[in-house]
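Just so it is clear, none of the values below were taken in a lab; they were calculated from the coordinates. Note that this is a predicted model, so its numbers are computed, not measured. Please note: Cβ atoms are built from the backbone with ideal geometry, for glycine as well, and neighbour counts cover all protein chains shown.
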Amino acid sequence: MTTRPSGARAPRSFWIDPRFIVGVLLVAGSVIGVCAIVATVDDTTQVYAARGTLSVGQRIDDSDLVVRSVRLGSAGAQYLAVDDLPDGGFVATRSVLPGELVPTSVVGRASEAGHSTVVVSVDRLPASVVEGSVVDLWAAPATDSSHFGPPAVLVGEATIVATHDSGGLISDARSTTVDVLVPSAKVASVLEAIAGDSAISIVPSAG
């Protein structure tokens with residue numbers, strides 16, 4: 001039988017102060033709470049902004065854009081998210097200034113390269129037609145000062161770049177001017193219709 005040498009200390013028993021455990025739990029709870037708050041508050045969305053000026057009709061890819069993390073809330077769907085950049089890029093349907101967030105309304109189809117913007121005046125614009133809408137331009141040729149011939153499609157699947165309501169106390173019957181992106185090959189036909197006082201209408205494209 002082994003005996004403890006005289007004068008040797010007995011092993012110290014391990015004892016934890018309950019206050020220490022409570023302190024550890026409080027610190028851990030605080031850390032978890034802060035992390036949860038940060039995760040809740042950090043509701044930023046990654047969207048694209050223009051690296052430089054984006055011009056109407058310009059083909060745009062990711063090299064023309066920069067990523068911005070911003071808080072947009074419910075307005076987030078109005079801007080081009082990083083995951084929504086079309087394969088092969090897109091064509092800008094209106095100008096975007098450097099640093100400006102890229103609205104989804106300026107994202108045109110890549111097939112719109114080689115297009116030009118023309119300005120037309122219309123009497124009434126459908127409420128559903130906004131920037132970025134795809135529309136058909138119809139023209140009814142003037143037969144005299146107050147009569148027009150049968151309308152026909154002048155340009156199919158054009159893109160609305162911008163709309164401008166006429167202001168002032170006195171306005172022309174054609175109260176809305178519209179910037180429309182059309183194929184360059186159709187520009188002459190549109191200008192000819194305008195010069196000939198044809199009645200031009202804009203109709204949402206069914207395609």
> Where nothing but the Cβ of Lys and Arg (+1) and of Asp and Glu (-1) is charged, how large is the charge dipole of the range 114-204 around its Cα centre, in debye to the nearest 20?
Replying inline: 80
> Computed from the mean reciprocal separation of all distinct C-alpha pairs, what Kirkwood hydrodynamic radius does the range 114-204 have, in Å?
Replying inline: 13.3
> If the viscosity is 1.002 mPa s and the temperature 20 °C, what Stokes-Einstein diffusion coefficient in µm²/s follows for the range 46-108 when Rh is the Kirkwood radius over Cα pairs?
Replying inline: 189
> If packing is taken as the mean number of other Cβ atoms within 10 Å per residue, what is the order of 86-96, 123-133, 139-149, 196-206, highest first?
Replying inline: 86-96, 196-206, 123-133, 139-149
